[in-house]
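Participant: Structure in structure tokens, see below.
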Amino acid sequence: MNYNYSGNDRRRYQRLRLNLSVNYRVDGPWQVRVKFGDQEIEATTLNLSEGGMAILTSYDIPVVSALLLKFSLFKINKEGQVSFYNPVEINGQVRSNTTCENNQYRLGLCFVRTESEQNCRIGAFVKLAS
């Protein structure tokens, strides 16, 4: 791939690379929702920010599809103890879909219709972990 990168990151929010399990359900549009029904699909988070996330999934979800995302954030201290945050449940919209190897798809998602508490929690987590 050839990327033309000018050195200016236009992203509004800082992104944190991480490998985290996320579950999602397709909420719309209705044609896509009918195809997937109410099944909850597991995927892997590639990065996370206060404004969205990138995930790797086995399903070809069209751009503009609405998703309900569920995931848990956690941190590990120097002694190896794990502290879990309250689970996050947030609405997202597919903004990009890129085909990857092994029949996988990289979905770029933005968070929509979110309560500021969820965004603040995610933003605080990203800043703390960076």
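Participant: In whole percent, how big is the carbon plus sulfur part of the accessible area of the chain, probe 1.4 Å, protein atoms only? Show your work: numbers first, answer last.
Facilitator: Details: 3960 of 8620 Å².
Percent of accessible area from carbon and sulfur atoms in the chain: 46.
Participant: With Rg and Dmax of the Cα atoms in Å in mind, check [x] 16.2, 56; [y] 15.3, 49; [z] 18.6, 67 and report the label derived from this structure.
Facilitator: [y]
Participant: So, one more: Taking the alpha-carbon distance from K35 and a cut-off under 27 Å, which lysines remain once sequence neighbours fewer than 8 residues away in the same chain are dropped?
Facilitator: K35 reaches K70.
Participant: Further, regarding this structure: Length gain on complete extension for the stretch K35 to F74, per 0.36 nm per residue less the alpha carbon to alpha carbon distance?
Facilitator: Using 0.36 nm per residue and subtracting the Cα-Cα distance, I get 10.8 nm.
Participant: Roughly how many Å² is the accessible area per residue of the chain, as a whole number, for a 1.4 Å probe?
Facilitator: Working: 8620 Å² over 130 residues.
On a per-residue basis, 66 Å².
Participant: Could you give the nm distance between label points at A124 and N102, where each point is 7 Å from its Cα heading toward the beta carbon?
Facilitator: So the label points at A124 and N102 sit 3.5 nm apart.
Participant: Whose amide H sits under 5 Å from the amide H of Y59, counting only residues 5 or more places off or on another chain, with H placed in the peptide plane?
Facilitator: It is Y105, by chain and number.
The values are calculated or read from the model by the stated rules, or taken from the named source; none is laboratory data. Just so it is clear, the model here is predicted, and its values are computed rather than measured. Backbone-built Cβ (ideal geometry, glycine too); neighbour counts: all protein chains shown. Please note that ligands, DNA and RNA were not included when accessible areas were found on the heavy atoms of the full protein model with its side chains. Shrake-Rupley method; radii C 1.70, N 1.55, O 1.52, S 1.80 Å.
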